Every structure is written in C-alpha cells, then in structure tokens.
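Quick notes on the structure that follows.
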Amino acid sequence: MTQALKGVRILDFTHVQSGPTCTQLLAWFGADVIKVERPGVGDITRGQLMDVPNADSLYFTMLNHNKRSITLDTKNPKGKEVLTALMKKCDVLVENFGPGVLDRMGFPWETIQKINPKLIVASIKGFGPGPYEDCKVYENVAQCTGGAASTTGFRDGLPLVTGAQIGDSGTGLHLALGIVTALYQRNSTGKGQRVTAAMQDGVLNLARVKLRDQQRLAHGPLKEYSQFGEGIPFGDAVPRAGNDSGGGQPGRILKCKGWETDPNAYIYFITQAPVWEKICDVIGEPTWKTDPNYAKPPARLPRLNEIFGRIEQWTMTKTKFEAMEILNKDDIPCGPILSMKELAEDQSLRATGTVVEVDHPQRGKYLSVGNPIKLSDSPTVVTRSPLLGEHTDEILKQVLEYNDKQLAEVHGSGALEPPRKVAAAE
Ligand code: COA
C-alpha cells in the first residue's frame, strides 16, 4: 500500500510546536519532510524540558517523527545556495519563524516565487495583518487573544488557558489542510501559492461557538448557562461558563465514587433531551418524567443546579467507569475524566495507533501520540525523530545530487557546522 502524500517533498523550516505538528502530519501521510535546522543548535525544543541527559527531549521527539534533518546555516552564503537548491527540489516550504525572519534571511515571497514558481509557501504567524502582525506569539498568547481564555474557567475566577494546545497544534492542523488544498489546486493551475494561518484566527475558529453566544446575548440571557438559573445577570460579553456544555444539551462534570482522594474521579454527564426519561429512571426520580417543572427542556433550564445536584448524588455512588457502563446502556451521553496515566495505559488507543511506543537511540523507548487521522488506504507507521543533522549528507547527495567535490565544498564553507569555539588562549 502506498501513502497518500508519497512523492511530495516538504522543506520544513519549522520549529517549536505549531509548525512541527503540521509537517509531522504531512510526514505521516507519506511526504518526504526535510527539516532544516541551525548547525549545532537545531530546533530549540531539542534541549527544552529535558528528562534524559544528552537525549533529545520528548518535546522535540513527539513533534518531529518521520522527518529527516539537515543542518544548514541559512545566513552563510553557501548555506543560502544550498537552501535555494532545496527550494527548487521541493513542493512546499513550511515555516513558523517570527514575523519578517524569512525576508531578513533574503527569501521574501517574490524571491521564492522566482526560484520555484510551483513552490507552495506555508506560514504560521501569531496574528494576521493588523495591529499585532509584528508580534511573536506562543501558545497561551494565542489562547488569550483568540477568545478561548476569556470564555474558559469559572465566572468568578480568572480567565483560564487549556491544556490542549489549540493555539499551536490547532493552527498546525489548520495549516496542514491549507497545504494539501493548495497542492490540489496546483494540479490544475501548475502554480504555487502562499498559505497562511494565524494562531489567533485558528483559536477563534475553534472558539466559534462563543462568538455565536456573543451574538445570542444581544437577544436575551443565555439560558443554558448555569448563571441564568442562579439569577445572575449577564454583562455585555460572553461569560466564562465553568463546565457547562457548549451546546444545546446541558452538561456538567460530576463527582464519582472516590473523588475525595482521586483528582480524576469525575464524569461528564449530558442531560440530552431525548433520553431524559431514562435519566430520571437511572437516578431514581421517575416523577420528573411528567412533572411540568422537569419534563421539558425549557422548564429544566432555570433548575440546572438542582438537577445536576440530584444526578451527582447518584454518580457519587458509582466509580466513573461503573457510571459510564450503566449510562451507556441507556444511550445517555457521558464520559469519564481520563487522566494522562489512564490514556497512556489504554489498550484500545494502542491498538489503533493513536498511542504508540517509539524506540530512540538516545533515550530508548517512549510513548507518543500517533496519527489521529486514519486513512484506510494510507496507513501511518510512526518512526523516530531524526538526530540533529542526521541526514545532512544523505539529502545533499540524494536530493541535490551533489558529488564528492561539491560535498567537500559545502562542508568547507562552514554552512553545515556550528561556528568553531575559539579557545581562550587563541
Ligand atoms: N540558520 C541561520 N539562522 C537561522 C536558522 C538557520 N537554519 N533558522 C533560524 N534562524 C534565525 C532566523 O533567521 C532568526 O534570525 P533574525 O531574527 O536575525 O532574523 C532567528 O533564527 C530567530 O527566529 P525566530 O523565529 O524569530 O525565533 P525566536 O526564538 O526568536 O521566536 C517564536 C520564536 C516561536 C516566538 C517565533 O518564531 C514566532 O513568533 N513564530 C510564529 C508564531 C508561532 O509559530 N508561534 C508558536 C511557536 S510553537
């Protein structure tokens, strides 16, 4: 079986998280991803959050599977020559440098187009054109400026950022879709184009239900927010709604047996209207099926605290897994709060390749998240991330077809190696 993106070559100029998640996905679908890294240093994440001495960090290894690494000083004249040659041999250049970096390096869009008019140039920046376009951005800045933080957390508490990296990995996903779409369009136009995804835009896209609520607010209180039942007036912006469901079916996180000692002994419980009668039977409130105060969804909205309080009395008598089993039999939507430990040990996630064990020469075996997107005709085999510069000569010979003389020239130019440390005596 071949892979969907076999034959597509990516010049991967990405670093940290957002860009690397994008190119990792493309690699998993079969693209040849050539990661260009600064000699001696590489992607800064190689050395961040290190857990094993002298081994690439999990931060790096978990974001750079299935890629090849070439070291290249792109500010060195010979390095620029190699980079230019690579641009001619690649289909897509992906980068998430700070604003203006590619221009300063001598490769603005106009120049790249002249080098290879078929090249697709894909970029992640913190912001799109506007007042903040020159700002550098990391994950939490994007969550805060994209509408996620202001709508996450509890009404009377601070805005909160979420553990899911919606700014970085979320924007990487957006960019990957832009790239394959541009590749598809290139089939008919024969031309490359620019693909850009701003992290603020990506987060706002993922928070679109809150912009929906912002506009609904102009027509009255948001009745499915707990604050409505609590009689607390709404302001002029969408408030933080704790663990209220973001949709039309009220939901909450409820305690389960063991919550006093286990921080994850909770379940998310949704009072979906079509199964309301079954919920009443399960929790032992059969009269709520017909009582006009509880029978229909609009009547329940002002009573959500009371209703979830009663449901919680029931969930507290069960473990989260027991509750899940009972509720699932009746098609009542719910989900246990699973810890990272539980997810790492989950055998069904291992079986589907969503959690994979990877072997690495410096660090040994480690767990990673595999490709969450499954294509029936393009299976993903996760291979380890490259060591810094591991494929430099291989790429120069195989992709650029350099002979021994050319290879020696590049090596002699200092474009591939870190600057020599000058000893104090020299
Ligand atoms: N050879 C020589 N120089 C290189 C190089 C190479 N192979 N690769 C990178 N560099 C240089 C760049 O040319 C740049 O130099 P300059 O500032 O003199 O022009 C320098 O490295 C730093 O690049 P930059 O991207 O600004 O890195 P940073 O560490 O200062 O900032 C970010 C990091 C993530 C904040 C920034 O890249 C950014 O805002 N990216 C866009 C948004 C984004 O993706 N953020 C999320 C990251 S998870």
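Which whole number in µm²/s is D for the range 244-314 by Stokes-Einstein, with the Kirkwood Rh taken over Cα pairs at 20 °C and 1.002 mPa s? D = 169 µm²/s.
D for the chain, whole µm²/s, Stokes-Einstein with Kirkwood Rh over alpha-carbon pairs at 25 °C and 0.890 mPa s: what number?
Numbers: Rh = 24.7 Å.
D = 99 µm²/s.
Beyond 17 Å, what share of the Cα-Cα pairs of the range 157-266 is found? Please give it as a whole percent. Tail fraction, whole percent: 70.
Extending 7 Å from the Cα toward the beta-carbon at both Lys341 and Thr181 defines two label points whose distance is 4.3 nm. The charge dipole of the range 120-219, taken about the Cα centre with unit charges on the Cβ atoms of Lys, Arg (+1) and Asp, Glu (-1), comes to about 340 debye, rounded to the nearest 20.
These residues, Cys135, Cys22, go from largest to smallest accessible area, 1.4 Å probe, as Cys135, Cys22.
Accessible surface of Trp288, taken over heavy atoms with a 1.4 Å probe and every protein chain present, rounds to 20 Å². Given +1 at the Cβ of Lys and Arg, -1 at the Cβ of Asp and Glu and no other charges, the dipole of the range 374-419 around its Cα centre is 220 debye to the nearest 20. Our summary gives the chain a relative contact order of 20 percent, counting only alpha carbon pairs under 8 angstrom and 6 or more residues apart. Applying 1/(1 + (r/R0)^6) with R0 = 41 Å to the Cβ-Cβ distance of Gln48 and Lys255 gives a FRET efficiency near 0.65. Within the range 303-348, the percentage of alpha carbon pairs spaced more than 12 angstrom apart rounds to 69%.
Please state the relative contact order of the range 295-388 as a whole percent: Cα pairs under 8 Å, 6+ residues apart? Don't jump to the answer; show the numbers that get you there.
On the way: 53 pairs, mean separation 13.1, N = 94.
It rounds to 14 percent for the range 295-388.
Measuring with a 1.4 angstrom probe and ignoring ligands and nucleic acids, Leu211 comes out at about 90 Å² accessible.
In the range 1-152, if the dipole is taken from +1 on Lys/Arg beta carbons and -1 on Asp/Glu beta carbons about the Cα centre, which of Gly147, Cys22, Gly106 is farthest to the positive end? The listed residue farthest towards the positive side: Gly106. Under a model in which nothing but the beta-carbon of Lys, Arg (+1) and Asp, Glu (-1) is charged, the chain shows a dipole of about 820 debye around its Cα centre.
Using a 1.4 Å probe and counting only protein heavy atoms, arrange His411, His65 so the residue with the most accessible area comes first.
On the way: His411 65, His65 0 Å².
Descending accessible area places them as His411, His65.
Expressed in nm², what is the orientationally averaged projection area of the convex hull enclosing the Cα positions of the range 277-383?
If you wrap the Cα atoms of the range 277-383 in a convex hull and average its projections, you get 10.3 nm².
Computed with a 1.4 Å probe over protein heavy atoms only, the accessible area of Tyr294 comes to about 20 Å².
For Lys405, Lys289, Lys114, what's the largest-to-smallest order of accessible area, 1.4 Å probe? Let's see the in-between values first.
Numbers: Lys405 145, Lys289 55, Lys114 170 Å².
Ranking Lys405, Lys289, Lys114 by accessible area, largest first, yields Lys114, Lys405, Lys289.
Rg/Rh for the range 51-207: what does it come to with C-alpha atoms and Rh from Kirkwood? Don't skip to the end; give the middle numbers.
Working: Rg = 17.9 Å, Rh = 17.5 Å.
Rounded to two decimals, Rg over Rh is 1.02.
The values are calculated or read from the model by the stated rules, or taken from the named source; none is laboratory data. If you're wondering where the values come from, they're calculated on a predicted model, not measured in any experiment. Cβ: placed from backbone, ideal geometry, glycine included. Neighbour counts: every protein chain shown. With ligands, DNA and RNA removed, areas are computed over all heavy atoms of the protein, side chains included. Shrake-Rupley method; radii C 1.70, N 1.55, O 1.52, S 1.80 Å.
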